[in-house]
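Working notes for the structure below.
The values are calculated or read from the model by the stated rules, or taken from the named source; none is laboratory data. As the structure is a prediction and not an experimental result, all values here were calculated from the model. We place every Cβ from the backbone using ideal geometry, glycine too, and count neighbours over all the protein chains shown.
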Amino acid sequence: MRRESIKRFIPYFLKYKLLLLVTLIGMIIASLTSALIPYLIKNVIDTLIATKNFANIKNFLILVAIAVLLNIVFKLIQIYVGNYAGQRIMQDIRLDLFYTVSRFKIESFSKEPSGKIITRITNDVENMNDLLNAGLVSLFADLFFILLAIGFLIYINPKLGLIVLLPLPIAVIFSLYLGNRVEKIYEKVRDALTKMNIHMQEVLTGIHVVQIFDMEKIVIDKFKKFSRDFRDNFYKSQVTNVVLRQTVNISSYISIFLLVLVGGILTIKGMGTIGTIISFSSYLSYLYGPLGDLSDKFSILQNAVSSMVKIDEFLKSNSLEENYEDGNKFEVQGNLALKDVYFAYEENSDVLKGVNIDVKKGESIAIVGFTGAGKTTIANLIFGFYEPTKGDVLIDGFDLRIACKSHFRKYLGMVLQNVFIFKGTVLDNITLGDEFPLEDVENVCKTLGIYDYIERLPNGLNTELSTEGKNISLGERQLISFARALIHNPRILILDEATSSIDSHTEELIEKGTRILMEGRTSIIIAHRLSTIKHVNRIYVLNKGRIVEEGTHEELLQRKGLYYEFYKSQYK
Amino acid sequence: MKTLKEYFKREFLRYIAVVSLLVTVDIAQVYLPQFTRFAIDSISKRNINGLIKYAIYIVIFSIGIVVLRFLYQSLLRAAVLRFDYELKNRIFESFVFFKRKTLEKFEIGDLMSRVTNDTQAVRMFLIMGFLAIIDIFVLGLTTFVFMVKMNLKLTLAVSVPLLFLFPLALNFGTKIHKLYRRINMLFADMSVRVRELVQGIRVIKAFVKERYFTQLFRGVNEEYLKENLKLVKLDGFFDPIVNFLINLANFVLIFYGGLLYIKGVVGMGSIAAFFQYIETLTWPMMAVGFSIALYQRATASLSRIEEIISIPKETQGIVLDTVDRIEVKNLRFSYDGNIDILKGINLTINKGDVIGLTGNPGSGKTTLINLLLKIIDAPKGSVFFDSNDINDIAFESIKNLFAFVPQEGFLFSDTILNNIKVGNPNATREEVEYVAKVACVYDDIMSFKDKFETVVGEQGITLSGGERQRIAIARALLARRPFLVLDDALASVDFKTESCIIKSLEEHFLKSGLTVIMISERLSSLSIANKIYVLVDGTIIEEGTFNDLVAKEGYFYHLYRKQLLEENL
């Protein structure tokens, strides 16, 4: 399972194999030189003691200088190149992931919580970055160096080497074990912090309720509880950390004790040198150094691998839209037909039951009905977001199941109740990145009556809108989405009317805008306004998944059916 | 800095203990290399007894160091965390008593970060920064003294590379925080783009804009990459450069130290000790830089914290138990001092009235209510509670007169039962069920699996807007306060439910003298009002009973007709 997940990402790493090779070389040379320096120093010291002649140590000194320089240069190369490669790899993965998700079937977006999708693309890819740098490169470098250092110790003086190394494995085990405990306790700290944040968010958002109903003491006591949990667990994790570091320290002191005592006795007996003792002391500090956060590095590695698995599973459990680039690329005129269409989102709960709708090019129709009757589903089917379970959806007689989606959608236009505004300029939000001549955009705005409003904005069309359009009003957002649809000039327009109350001026513009949008193109309106309905060619009344009535406004009133009841229910 | 001074005063004894232990440990630590030095000198002289003696000293001092260090580290952290706990609580307590005017100056996220991030900065300084300062002096100075005692010239030569550690650490310490902040912001920007993808996916697919959005995403990614590379240069290069400087110092040691050894000025034991002292000095050298950076951050955070806790709580004023009449006389109000939201309002609310308030969006209805509830401050001489100017009445007192149902039907993450009981925590189960029935939500609640024990998600997300509002109404009813204010509280319920609520309000409460103020843009809801005020762009343009207003055939009438035709399609 894990192996498969990792396999998926290998091509991304291979793309930068040259850089990774350079990183590897940097790592090897840096570690080699690090391990070499104490050995060279040993020779300098022993030579000094033996000969007291500076000329004899000159060569060694030169070697040390070279080693020191090589060490810093290649270490910097390892770090910089390694991180650069890592960042590039992550960016590639993130962009591919983003694009792939954008190509998912629409059902994935109702199936998966948005938080999960965001986490996969952002946090999980970020964790993978740690895999490369903190994990593979750093851990490898540490391990490689540790082996080299131990190798040198054994090479220089096997007996002494083994003796001073005795406490090391114990320190490693304690380090891993305690590090693990710190991590577990720290999770409780994070938990308390999260709860604190959620509580604060709630209280601050609903502060008026808190104050009006005298809840101050209750919410304060609740906060104190989380604060206490934070304090107690943080203290525990800190103390455990202190114990961890002191355990490593005591092991290193014991190693030094053994070094001095045993090394001293061996030297006196002629089986060791002072240079050995001094260089061993360097090696020991290098060996014990990384132990402090050994456990951290392992858990970073673990997190990275589990993120890889999560991304892999995420990609496996969602599929791309079919016929996005393949399929029938026909010329769209604007005739639309739903023939005996059945549809269910889940098994055995049909939302549409044999719906027949026929719209000729240039006609406008309205669909009315209670919420949940299936109106939005019809819009979804027309765009090919879903396929009918039975029956056909045809544009100009062509079955949408085999039509090329990226092709025919370009001839369709959508205006939704909840307008989608993204972070970008007003112009971007209207053109969606397409290159329209500025004049055309301005004309569209003038036609809709919003040109003056846009001109009055701080930067006109280049005014930055914040995400979700929070810095403009609901009505203004609606009008921008009208401009968006109008400039793209669709052959078939689907408009899902907004129901929220807006001020009367904007309301007028929206009514007018709706009429302008509908002119000269096939329009399907999911209607809430009487003013819109009165102007369409035909009204379809949808009830519990079936078209129960069909006709013009006057015809339906005369029939005294469901439509008439809608209309009548306003009078008490 | 007041808070810090108080803290040090209180923890004075503990800090004396910590500092004493720390000084002891540092001095012991500085002696260790001396024992190594003497041990090596013993080895040179083939003195096994001397060797054993110094080896034993090493063990004893090591054990002492480890134990004492554990002690003072734990003591220090306990003290700091106690302070942190109190600080967090004080900040939160201040929030809870904020008035609307104060709250609006801040963003919620910013306030929350004062409790989490700002206390963290103070905490980090008090733990690490404090230790670092002591280490710099005791460890650094003592080490230096011992080194000089062995050989001045060698000390100076070896210190040169080590001096570079100071600016390195300072540079690192000051820049790293800003860089992390910037990277976190960019990471958040990336998340925003992904959220946009998810929320706008229908539009993105409908207009075939998958590639365009990926390009937008790429833009943020490039910036993110650039900042991360800056971080690598700062963070990733730090260790290697530190190592390089240590190596350089070691090189100088064997070069110059070797010369001195040959001349017979220093013994090999001293050189061995110097190797260890170089290691010992690295931390104090860096600590200077770090602690400066930590200090800067801590003081900035501390002033942000003190900004909050120094805001005084308002408690003074007259206390009223009941009110027979509220009068608003020529009330003018503006938020920013330029544009008037309310342009001279006159109205009277008598005990037992059912007042309707309506008008166009942005006309000032909610502002008016907030003024009556003293959530925002009214100008003197405009609002009177039984001839008492509202500015003379204590906020507490006003709060207790009103039961308020806001527009958004805010609920806490808790059971429905507890949410209703917020109105009166001492209410019995029967009383809760009773108000739920009056609010016409009892049947809905009983249809849930857990009935009243159903837990409502953050801010009541799992319920529909109408259900939330009705529960908020039940909560307000349970509080049994003299005035009930409904701020467009029936906007999300359908026509049938609305008439149910209005009917049961009429039946059960209006007879007991409850005064109701109802804001609604749906005019049919105001049919039970005995006085309706129509507020348009800050002025009352019409007033009267429902029938009066319809008969006038003015603004009210026309809006009413329009709504009848438009509803329910």
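General remarks:
- Extreme residue, nearest to the other protein chains (Cβ to nearest Cβ), among residues of region A:262-273 that are closer than 29 Å to B:Val25 by Cβ and buried (at least 20 other Cβ atoms within 10 Å of the Cβ): A:Gly264
- The helices (runs of 4 or more DSSP H) found wholly in region A:100-188 and carrying at least 1 residues that are of a type outside the set (A, V, I, L, M) and away from chain B (no Cβ under 14 Å) occupy A:140-156, A:158-165.
- Which numbered condition A:Tyr386 fails, given (1) within 14 Å of another protein chain (Cβ to nearest Cβ); (2) out of contact with any Lys or Arg (no Cβ under 9 Å at 6 or more places or on another chain); (3) part of a loop (DSSP other than H, G, I, E, B): (2)
- Considering region A:515-547, and only residues there that are within 45 Å of the chain's Cα centre (by Cα) and without any contact (Cβ under 8 Å) to a residue 24 or more places away in the chain, the residue that is nearest to A:Val368 (Cα to Cα) turns out to be A:Leu530.
Per-residue answers, yes or no, for (1) surrounded by fewer than 16 Cβ atoms within 10 Å (Cβ to Cβ); (2) aromatic (Phe, Trp, Tyr); (3) in contact with a Phe, Trp or Tyr (Cβ under 6 Å, 6 or more places away or on another chain); (4) not assigned by TED's automatic domain parsing to the domain that holds A:Val260:
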residue: A:Phe144; (1), (2), (3), (4): no, yes, no, no
residue: A:Leu148; (1), (2), (3), (4): no, no, no, no
residue: A:Tyr155; (1), (2), (3), (4): yes, yes, no, no
residue: A:Leu160; (1), (2), (3), (4): no, no, no, no
residue: A:Tyr186; (1), (2), (3), (4): no, yes, no, no
residue: A:Ile198; (1), (2), (3), (4): yes, no, no, no
residue: A:Ser227; (1), (2), (3), (4): no, no, yes, no
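- One residue from B:Val208, B:Val232 being within 9 Å of chain A (Cβ to nearest Cβ), assigned to a helix (DSSP H, G or I) and either touching a Gly at 6+ places or on another chain (Cβ under 7 Å) or among the aliphatic types (A, V, I, L, M) (or both): B:Val232
- Qualifying positions in region B:235-271 - more than 8 Å from every other protein chain (Cβ to nearest Cβ), of a type in the set (Phe, Trp, Tyr) and under 18 Å from A:Leu63 (Cβ atoms): B:Tyr256
- Among the candidates A:Ile37, A:Ile25, A:Ile77, the residue that is of a type outside the set (Ser, Thr, Tyr), in contact (Cβ under 8 Å) with a residue 40 or more places away in the chain and within 8 Å of another protein chain (Cβ to nearest Cβ) is uniquely A:Ile37.
- Residue check for A:Val248: more than 7 Å from every other protein chain (Cβ to nearest Cβ) and over 21 Å from B:Met128 (Cα atoms): no
- Filter pass, B:Arg182 being of a type in the set (D, E, K, R) and either under 30 Å from A:Phe226 (Cβ atoms) or surrounded by fewer than 19 Cβ atoms within 10 Å (Cβ to Cβ) (or both): yes
- Residue that is surrounded by the fewest Cβ atoms within 10 Å (Cβ to Cβ) [pool: residues in region B:98-142 that are closer than 30 Å to B:Asn370 by Cα and among the small types (Gly, Ala, Ser)]: B:Gly109
- Of the set (1) more than 22 Å from B:Ile369 (Cα to Cα); (2) out of contact with any Cys (no Cβ under 9 Å at 6 or more places or on another chain); (3) of a type in the set (A, V, I, L, M, F, W, C), all apply to B:Cys440 but (2).
- Out of A:Gly115, A:Gly179, one residue alone is within 28 Å of A:Phe234 (Cα to Cα) and free of Cβ contacts under 8 Å to residues at least 12 places away in the same chain. It is A:Gly115.
- Residues of region A:526-547 satisfying the condition of being over 16 Å from A:Leu493 (Cα atoms), surrounded by fewer than 19 Cβ atoms within 10 Å (Cβ to Cβ) and more than 9 Å from every other protein chain (Cβ to nearest Cβ): A:Lys534, A:Asn543, A:Lys544, A:Arg546
- When region B:71-93 is filtered for residues that are under 20 Å from B:Leu131 (Cα atoms) and more than 7 Å from chain A (Cβ to nearest Cβ), the ones remaining, listed by number, are B:Leu71, B:Tyr72, B:Leu75, B:Leu76, B:Ala79, B:Val80, B:Arg82, B:Phe83.
Yes/no per residue for (1) in contact with a helix residue (DSSP H, G or I) (Cβ under 9 Å, 6 or more places away or on another chain); (2) over 30 Å from B:Leu248 (Cβ atoms); (3) at the interface with another protein chain (Cβ under 8 Å from one of its Cβ atoms):
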{"residue": "B:Ser159", "(1), (2), (3)": "yes, no, no"}
{"residue": "B:Phe172", "(1), (2), (3)": "yes, no, no"}
{"residue": "B:Arg182", "(1), (2), (3)": "yes, yes, no"}
{"residue": "B:Arg195", "(1), (2), (3)": "yes, yes, yes"}
